[in-house]
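Reading through the C-alpha cells given below for one structure.
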Amino acid sequence: MRAPASEAELLGRARAIAGGTLAELADSLGLPLPGDPRRAKGWAGQLVETALGAPSAGEPGPDFPGLGIELKTIPVTPAGRPRESTWVCIAPMEDLTGLHWERSLVRAKLARVLWVPTVDGTDGGFQSRRIGAPLLWSPSPEEEAVIRADWEEFIEDIALGRIHTITGRRGTALQLRPKAANARERNWTTDEDGGRTLANPRGFYLRASFTAALLARHFGALRPAAGGPPGTGGETVGARVSATGRDTPG
C-alpha cells in the first residue's frame, strides 16, 4: 500500500480499521499471527503500520516522514487506561555538545502523533485486542514544556556522566530506561571524569500516567457505555467520537 498523501487520508485509513481485532486485521492483510505472544512485542504496531501504509523504516524520524506524523499503538484496558509506558526513541549517549530540544529526535517524534488504541479482548489474548478510535495529537505548549524539561534534565545528566543515577522513577512525562536486546549490550558514553565508559543503551518512554491524562482530555471520561470497550464504536471514548465516524479531536 502506498503511503498516505495527507493527514486526512491517514486518519481515514485509521478509522477504517477501527472496531476490528488485531487477528482480523492480520487476516485481511494476509499476514500470519505470531505463534508465541511473549515474543510478539511490537507486532501490533508493525501490523497497524502496514495497514496504514507506513513507509519502510529508514532514517530516524516520524513513521510517516512525508507528513511528519509518528504512529503509536497503545494497549489500553476496557476502562481506557494505558497498560504500559510508550516507547519514543533511543537516547543519545555521546556527542551531546550543541544538542538542543528544538533539534532533538524526541521532539521530532512527538510533534504530531497518531494514537491508535488497542483494547483488551474478552479472552485476554493479544490477538483479540480490538482496534480503537484513532486520535491525531500534537502536544499543547504546556505538555511540550513538561516533556522538554524532562528531556533537558536527562540529557544534562548523560553529558555530565551521571547516566547511572537515572532511574525509571525520574521524570514527569518522560522516562529514561535501559533499552537493549540483552543486558550484555553496551554503548559508549561519558563518565563523571569526562572520560569514556560503557553503559547499557537507554531509551525515552512516555509515562503511562501522561498518556492516560492525554487520552482522558481528548476522549473524555473513558468509561464504556453499553455496547463495547473504549474506542470500538459502541461507547463514548471522548463522549462524542465513535470508532468509525465523526471527527476525532486533534
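The values are calculated or read from the model by the stated rules, or taken from the named source; none is laboratory data. Computed from a prediction, not measured in an experiment: that's the story for all the values here. Positions of Cβ are backbone-derived with ideal geometry, glycine not excepted, and every protein chain shown enters the neighbour counts.
Key figures for this structure:
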item: Check on residue 146, assigned to a helix (DSSP H, G or I), at pLDDT 95 or above and over 30 Å from residue 4 (Cα atoms); result: yes
item: Selection from the range 132-143 of residues that are in a loop (DSSP other than H, G, I, E, B), surrounded by 14 or more Cβ atoms within 10 Å (Cβ to Cβ) and either free of Cβ contacts under 8 Å to residues at least 12 places away in the same chain or of a type in the set (A, V, I, L, M, F, W, C) (or both); result: 133
item: Index of the failed condition, residue 183 passing every other in (1) surrounded by 14 or more Cβ atoms within 10 Å (Cβ to Cβ); (2) hydrophobic (A, V, I, L, M, F, W, C); (3) in a loop (DSSP other than H, G, I, E, B); result: (1)
item: Where a residue in the range 120-131 is under 17 Å from residue 27 (Cβ atoms) and its partner, wherever it lies, is surrounded by 15 or more Cβ atoms within 10 Å (Cβ to Cβ) and acidic (Asp, Glu), with Cβ under 7 Å and at least six apart; result: 129/120
item: Pair list, Cβ under 9 Å, 6 or more apart: the range 160-187 residue on the phi > 0 side of the Ramachandran plot, other residue part of a loop (DSSP other than H, G, I, E, B); result: 161/191; 161/192; 161/193; 161/194; 161/195; 171/207
item: Residue among 119, 113, 106, 76 that alone is under 11 Å from the mean Cα position of the chain (by Cα) and either crowded, with 18+ Cβ neighbours inside 10 Å or not polar (S, T, N, Q) (or both); result: 113
item: The listed residue being of a type in the set (S, T, N, Q) and assigned to a loop (DSSP other than H, G, I, E, B), out of 97, 73; result: 97
item: Any hit, the range 83-103, residues being touching a helix residue (DSSP H, G or I) at 6+ places or on another chain (Cβ under 8 Å) and more than 30 Å from residue 191 (Cα to Cα); result: yes
item: Residue check for residue 25: out of contact with any Ser or Thr (no Cβ under 8 Å at 6 or more places or on another chain), assigned to a helix (DSSP H, G or I), over 19 Å from residue 205 (Cα atoms) and not acidic (Asp, Glu); result: yes
item: From the options 121, 194, residue that is under 30 Å from residue 51 (Cβ atoms), modelled with pLDDT under 95 and either assigned to a loop (DSSP other than H, G, I, E, B) or not polar (S, T, N, Q) (or both); result: 121
item: Condition check for residue 66: surrounded by fewer than 14 Cβ atoms within 10 Å (Cβ to Cβ), farther than 21 Å from residue 43 by Cβ and in contact (Cβ under 8 Å) with a residue 60 or more places away in the chain; result: yes
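Table: residues versus (1) more than 19 Å from the chain's Cα centre (by Cα); (2) in a helix (DSSP H, G or I); (3) not hydroxyl-bearing (Ser, Thr, Tyr).
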| site | (1), (2), (3) |
| --- | --- |
| 3 | yes, no, yes |
| 19 | yes, no, yes |
| 51 | no, yes, yes |
| 55 | no, no, yes |
| 61 | no, no, yes |
| 67 | no, no, yes |
